[in-house]
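Step one of this worksheet: look at the structure below.
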Amino acid sequence: MPRFYFDLTLDGKPEPDAEGVELDDANAARAEAVRAATDIAKDYAGKHPNHDLMIRVRSEERQRVATARLPLRVE
């Protein structure tokens, strides 16, 4: 099963994923990136209303699989 890495950038601060997750394929990795982005947004929305987050998904070969971006603005 292939391993995918989810590198998070939150408010310009990168947090590389050194561990990764085994998933069936690139489509599953894309879906996981969307799920993770929404979970992170929910966690941060109540604490600080404005955030920019990005999750870059890469394969074991370091190829870009997807990028999920979510600007969060609560006014």
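Rounding to the nearest 20 debye, state how big the charge dipole of the stretch 25-75 is about its Cα centre with +1 on each Lys and Arg Cβ and -1 on each Asp and Glu Cβ.
120 debye
Out of every Cα pair in the stretch 6-57, what percent are spaced more than 15 Å from each other?
I get 49 percent for the Cα pairs in the stretch 6-57 exceeding 15 Å.
Apply the Karplus parameterisation 6.51 cos²θ - 1.76 cosθ + 1.60, with θ equal to phi minus 60°, to every residue of the stretch 18-30 and state each ³J(HN,Hα) to the nearest whole Hz, in sequence, with x for glycine and proline.
8, 9, x, 9, 7, 9, 4, 6, 5, 5, 5, 5, 4
Hey, rough spin-label estimate for Ala45 and Met1, points 7 angstrom out along Cα→Cβ, what's it come to in nanometres?
3.0 nm
Give me the percent of the accessible area of the chain that comes from carbon and sulfur atoms, probe 1.4 Å, all protein chains in place.
49 percent
Can you tell me the accessible area per residue over the chain, all protein chains present, probe 1.4 angstrom, in square angstrom?
For the chain, the solvent-accessible area averages 69 Å² per residue.
Fully extended, how many nm does the chain gain between Arg35 and Val74 (0.36 nm per residue separation, minus their Cα-Cα distance)?
12.0 nm
By average Cβ neighbour count within 10 Å, what is the ranking of 54-67, 15-28 from highest down?
Result, highest mean Cβ count within 10 Å first: 54-67, 15-28.
The values are calculated or read from the model by the stated rules, or taken from the named source; none is laboratory data. None of the values given here were measured: they were computed from a predicted structure. We place every Cβ from the backbone using ideal geometry, glycine too, and count neighbours over all the protein chains shown. When the accessible area is computed, the model is the full protein with side chains, heavy atoms only, and any ligands, DNA or RNA have been set aside. Shrake-Rupley method; radii C 1.70, N 1.55, O 1.52, S 1.80 Å.
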